[in-house]
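Beneath this line is the structure, given in structure tokens, with notes to follow.
The values are calculated or read from the model by the stated rules, or taken from the named source; none is laboratory data. Given the structure is predicted, the values throughout are model-derived calculations rather than measurements. Because the Cβ atoms are built from the backbone with ideal geometry, glycine has one as well, and the counts that use them run over all protein chains shown.
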Amino acid sequence: MNRPSMNRRTETIRSEALELEIVPDLGASILNLRSVSGRPVLRPVALPEVETSSQCASFTLLPFSNRIRHARFTFGGEETQLRVTTKDGLTQHGDVRNRPWQVTRESGAHLRCTFDSRAFPDFNWPWHVTAEVEYRLHGPHFDTSVVLTNADPRPMPAGMGLHPYFQRLQDGVDPALSFGAALLYDTDERQLPTEAARPVRPGEDFRLPAPVGTRSPDATYTAWDGVARLDWGRRTLTLTADPVFSHFVVFAAPDGSLALEPTSHATDAFNLAARGVPGTDMRVLAPGQALAGAVRLTLDGDW
């Protein structure tokens, strides 16, 4: 059980342009990322309001991202049944984001966070894993690097992602969103892909800048070039991801923030791959093998 938020500690690092707060015992999730002027970059969060990582500004998705249909899948000829973690019968976002992590301060602008599933007998994944997340601030840049390692003697399916919620309105301005993704998955009522990704249609295409406006997307894109941009006119934010993050989830959250999630595979990739659906980018890690990647946020303009 998670401790009450009033007992949780935070770790803070700063650069000349940015300040980052994380919560070590909630997945080393990000509580706040703001410019030195105090302007929120990610959605602003008050620690007393936080019960799980879902209320944080960003959290890490390991050893898979987003949803798994019926909380089960077949891999290597065997069925894996996970605990259901959503009201609609799915398991979601992996099982590291609400666990305590070990955090080491490498410098005033660099944190190293580590996790070992072998410390948790109830870990909701039948393979042992270790993970490392590093947060670095330098100038107008915020870098997050993620490493997932198979610590089990058996091969395992694997994936990863980041789930940042961005502060959407700035001075009353809704930003123009742009990202280079040519394909999108059709989904069912639980936002689970039903088949291979198809070409985007008008109204879904953000290769040219456009405001989200009144649309409420909860969509998974692929054939993504690894770059996304929010433009408020007076200021911009650019997200740049390593090629391992081949998929990109866009989610207009009910609180008015905008989640832009770099992920290494499609939602429900394990079940899609078992059906022979191409392009899901499910990885298989051999014992001792790692999956790794980094994402950078860069501020420009009047922050």
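Some observations on this one:
- When residues in the range 13-59 are screened for being of a type in the set (D, E, K, R), over 21 Å from Pro140 (Cα atoms) and in a loop (DSSP other than H, G, I, E, B), 2 of them pass.
- Condition broken by Ala176, with the remaining ones in (1) more than 21 Å from Ile68 (Cα to Cα); (2) crowded, with 21+ Cβ neighbours inside 10 Å satisfied: (2)
- Scanning the range 10-62 for residues that are out of contact with any Cys (no Cβ under 9 Å at 6 or more places or on another chain), of a type in the set (Ser, Thr, Tyr) and buried (at least 20 other Cβ atoms within 10 Å of the Cβ) gives Ser53, Ser58.
- Listed by first and then second residue, the pairs linking a residue in the range 169-185 that is under 14 Å from Pro199 (Cα atoms) to a residue that is assigned to a loop (DSSP other than H, G, I, E, B) and among the basic types (Lys, Arg), with Cβ atoms under 6 Å apart and 6 or more places separating them unless they lie on different chains, are Gly180/Arg207.
- Per-region count, the range 161-220, residues closer than 27 Å to Leu299 by Cβ, at pLDDT below 95 and of a type in the set (Lys, Arg): 2
- Residue ranges of strands (runs of 3 or more DSSP E) in the range 202-303 with at least 3 members farther than 20 Å from Asn66 by Cα: 218-231, 235-241, 290-301
- Any hit, the range 163-177, residues being part of a strand (DSSP E or B) and under 23 Å from Leu272 (Cβ atoms): no
- Set side by side, the residues Val147, Val84, Val133, Val96 differ, and just one is under 17 Å from the mean Cα position of the chain (by Cα), part of a loop (DSSP other than H, G, I, E, B) and either modelled with pLDDT of 95 or more or of a type in the set (Asp, Glu) (or both), which is Val96.
So that you can scan it fast, the table gives a plain yes or no per residue for (1) in contact (Cβ under 8 Å) with a residue 12 or more places away in the chain; (2) buried (at least 21 other Cβ atoms within 10 Å of the Cβ); (3) charged (D, E, K, R); (4) out of contact with any helix residue (DSSP H, G or I) (no Cβ under 6 Å at 6 or more places or on another chain):
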site: Ser264; (1), (2), (3), (4): yes, yes, no, yes
site: Phe270; (1), (2), (3), (4): yes, yes, no, yes
site: Arg275; (1), (2), (3), (4): no, no, yes, yes
site: Thr280; (1), (2), (3), (4): yes, yes, no, no
site: Gly288; (1), (2), (3), (4): yes, no, no, yes
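- Filter pass, Met6 being at pLDDT below 95, touching a helix residue (DSSP H, G or I) at 6+ places or on another chain (Cβ under 8 Å) and more than 29 Å from Arg235 (Cα to Cα): yes
This table checks each residue for (1) surrounded by 18 or more Cβ atoms within 10 Å (Cβ to Cβ); (2) hydrophobic (A, V, I, L, M, F, W, C); (3) in contact with a helix residue (DSSP H, G or I) (Cβ under 8 Å, 6 or more places away or on another chain).
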site	(1), (2), (3)
Phe73	yes, yes, yes
Gly94	yes, no, no
Leu111	yes, yes, no
Ala119	no, yes, no
Phe142	yes, yes, no
Met160	yes, yes, no
Gln167	yes, no, no
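- Residue count, the range 195-216 (criterion: under 22 Å from the mean Cα position of the chain (by Cα) and among the charged types (D, E, K, R)): 4
- Yes/no for Thr194 being polar (S, T, N, Q), over 25 Å from Arg105 (Cβ atoms) and surrounded by fewer than 16 Cβ atoms within 10 Å (Cβ to Cβ): yes
- The range 108-133, residues that are free of Cβ contacts under 8 Å to residues at least 24 places away in the same chain and polar (S, T, N, Q): Thr114, Thr130
- Matching residues in the range 60-81 - criterion: being within 18 Å of the chain's Cα centre (by Cα) and part of a helix (DSSP H, G or I): none
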